[in-house]
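Before any comments, here is the structure.
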Amino acid sequence: MKWTSLNNVIRLTPVAAALALGVGFAGGAGAAEVTSIAVLTPEQGTDYGWNQQAIDAGKAVAAKYGIKFVPAEGLGYGDVRPQLRELAGDGVSLMIAHASGYNQAAPEIAAETKVPVAIVDRPDANVPGLIADYTLSGHEGAYLAGVLAAKMTKTGALGIVTSGEPPSWNSQSAGFAEGAKSVKKDIKLIYAVIGPAAYSDAAGGRRVTESVIAAGADIIFGQGDGASFGMMEATETTKATNGGPVWFIDVIGDKTPIDKGHLLSSVVWNLVPVFSAMVDDLKAGTFGTKHYSIQVADDSCQLLHTKHIPDDVWNSVMAVRKDIIDGKVKLTPVFNAEDVRKLMTSVDIGTAQ
């Protein structure tokens with residue numbers, strides 16, 4: 001997953017974007033026949049996270065609608081215009097460009113080929129019938145993860161380790177911090193970033209996580225794609241400063257099959273409803289006129305329940321989930337990295353640059 005900051009993206013209104021891309025609005029977007037979808041990912045769909053959840057969702061949605069699924073995995077973080085053109089030439093009905101590093105090329109190819117694309121991290125780039133943004137935020141699930149961590153920490157310190165500061169990571173970091181502070185206002189939060197785009201840096205993930213553990217954290221909230229494997233390994237091989245175990249809270253996927261006893265939970269994203277909504281909108285002629293989201297109310301974003309969580313703690317976290325759904329706890333996603341840092345009590349400057 002490679003992202004570009006929303007702060008560095010040229011923001012266009014739908015009308016301006018349409019004019020820039022040569023797409024007309026007269027008569028609105030028309031309904032389309034959907035016979036196939038393609039999902040493009042920078043890494044292989046075997047990471048129990050960002051890439052795998054998208055590939056698995058693409059398969060499920062294709063089966064649901066009886067259409068063809070075309071996986072395009074491991075494309076890297078460079079120029080994907082050739083792959084997009086090839087898919088368009090093969091007659092794909094929708095191309096889901098599942099990396100923000102693709103959010104410049106995909107709209108260009110959509111305008112060139114007239115094949116609809118879905119992109120991330122460009123919420124102002126929607127063009128009816130052609131381009132739809134799905135910048136997702138798992139902040140509600142991350143808030144619950146923060147509540148869980150604050151209730152289970154023994155050292156009184158929690159770590160947040162990220163492989164970059166893209167909007168989705170930022171909103172989850174902020175949600176986790178807010179959830180933890182709702183339990184204990186002065187809880188210590190140690191925040192560290194592996195690098196500006198260290199999404200697949202497993203070695204860096206382990207190194208930085210070990211430094212955060214050494215600073216006192218006994219629960220790590222990790223966001224990293226391939227880097228998360230290094231984070232998880234660090235929790236498995238490093239003791240907390242009090243001599244006790246270190247727990248890992250993952251995001252997007254479920255690493256239970258490879259857990260060695262330290263996976264406390266995960267903020268799991270279910271992309272099937274999101275991709276399904278895209279297909280429905282294409283068929284209805286409303287693609288590119290709305291934004292897509294995930295939330296705890298329909299379990300498109302949910303906290304993973306593992307055997308390591310005591311029943312009383314889990315029940316109390318689920319009570320908070322109900323309060324979010326009922327509107328008693330109101331959450332607003334925080335996408336800006338500077339605003340995220342303001343929520344932390346300790347920022348590891350050495351690894352945050």
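Looking only at the range 239-257, count how many residues are over 20 Å from Gln302 (Cβ atoms) and either crowded, with 18+ Cβ neighbours inside 10 Å or of a type outside the set (Ser, Thr, Tyr) (or both). Walk me through how you get there before you give the answer.
Start the filter on the range 239-257 by keeping residues that are over 20 Å from Gln302 (Cβ atoms), which leaves 239-246.
Narrowing the set further to residues that are either crowded, with 18+ Cβ neighbours inside 10 Å or of a type outside the set (Ser, Thr, Tyr) (or both) leaves 239-240, 242-246.
Within the range 239-257, residues that are over 20 Å from Gln302 (Cβ atoms) and either crowded, with 18+ Cβ neighbours inside 10 Å or of a type outside the set (Ser, Thr, Tyr) (or both) number 7.
So if I check each of Gly224, Gly195, which one is within 22 Å of the chain's Cα centre (by Cα), small (Gly, Ala, Ser) and under 19 Å from Ile258 (Cα atoms)? If you could, list the steps in order and put the result at the bottom.
On the way: Gly195 fails: under 19 Å from Ile258 (Cα atoms).
Of Gly224, Gly195, the one residue that is within 22 Å of the chain's Cα centre (by Cα), small (Gly, Ala, Ser) and under 19 Å from Ile258 (Cα atoms) is Gly224.
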Evaluation of Asp281 against (1) without any contact (Cβ under 8 Å) to a residue 24 or more places away in the chain; (2) among the charged types (D, E, K, R); (3) surrounded by 21 or more Cβ atoms within 10 Å (Cβ to Cβ) (one fails), failing number: (1)
Failed criterion for Ala132 (all others in (1) more than 20 Å from the chain's Cα centre (by Cα); (2) buried (at least 24 other Cβ atoms within 10 Å of the Cβ) hold): (1)
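Among what's in the range 278-299 and is of a type in the set (Gly, Ala, Ser), at pLDDT 95 or above and in a loop (DSSP other than H, G, I, E, B), pick the residue that is farthest from Gly138 (Cα to Cα).
Narrowing the range 278-299 to residues of a type in the set (Gly, Ala, Ser): 284-285, 288, 293, 297.
In the following step, the residues that additionally are at pLDDT 95 or above were identified as 284-285, 288, 297.
Subsequent filtering for residues that are in a loop (DSSP other than H, G, I, E, B) retains 285, 288.
On the way: Gly285: 28, Gly288: 22 Å.
Among those that are of a type in the set (Gly, Ala, Ser), at pLDDT 95 or above and in a loop (DSSP other than H, G, I, E, B), it is Gly285.
Return the residues of the range 284-326 that are at positive phi and without any contact (Cβ under 8 Å) to a residue 40 or more places away in the chain; say none if nothing qualifies.
Asp299
Name the one entry in Ala203, Ala234, Ala215 that is out of contact with any Cys (no Cβ under 7 Å at 6 or more places or on another chain) and in contact (Cβ under 8 Å) with a residue 60 or more places away in the chain.
On the way: Ala203 fails: in contact (Cβ under 8 Å) with a residue 60 or more places away in the chain; Ala234 fails: in contact (Cβ under 8 Å) with a residue 60 or more places away in the chain.
Result: Ala215 is the single residue among Ala203, Ala234, Ala215 that is out of contact with any Cys (no Cβ under 7 Å at 6 or more places or on another chain) and in contact (Cβ under 8 Å) with a residue 60 or more places away in the chain.
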Asn336 being within 29 Å of Asp133 (Cβ to Cβ) and at pLDDT below 95: yes
Every residue from the range 88-98 that is out of contact with any Ser or Thr (no Cβ under 7 Å at 6 or more places or on another chain) and either buried (at least 23 other Cβ atoms within 10 Å of the Cβ) or at pLDDT below 95 (or both): Leu94, Met95, Ile96, Ala97
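With the condition kept exactly as written, say whether any residue in the range 56-66 is at pLDDT below 95 and buried (at least 23 other Cβ atoms within 10 Å of the Cβ).
To start, the set of residues in the range 56-66 that are at pLDDT below 95 comprises none.
Scanning the range 56-66 turns up no residue that is at pLDDT below 95 and buried (at least 23 other Cβ atoms within 10 Å of the Cβ).
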From the options Asp56, Asp124, residue that is in a helix (DSSP H, G or I), within 30 Å of Gly179 (Cβ to Cβ), over 14 Å from the mean Cα position of the chain (by Cα) and not assigned by TED's automatic domain parsing to the domain that holds Thr162: Asp56
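Specify which of the listed residues (Val334, Val313) is farther than 24 Å from Gln52 by Cα, outside the structural domain of Gln44 (by TED's automatic domain parsing) and crowded, with 22+ Cβ neighbours inside 10 Å. Talk me through it step by step, then tell me what you get.
Values: Val313 fails: crowded, with 22+ Cβ neighbours inside 10 Å.
Residue meeting the stated conditions: Val334.
The values are calculated or read from the model by the stated rules, or taken from the named source; none is laboratory data. Keep in mind it's a predicted model, so treat the numbers as computed, not measured. Note: ideal-geometry Cβ built from the backbone for every residue, glycine included; neighbour counts use all protein chains shown.
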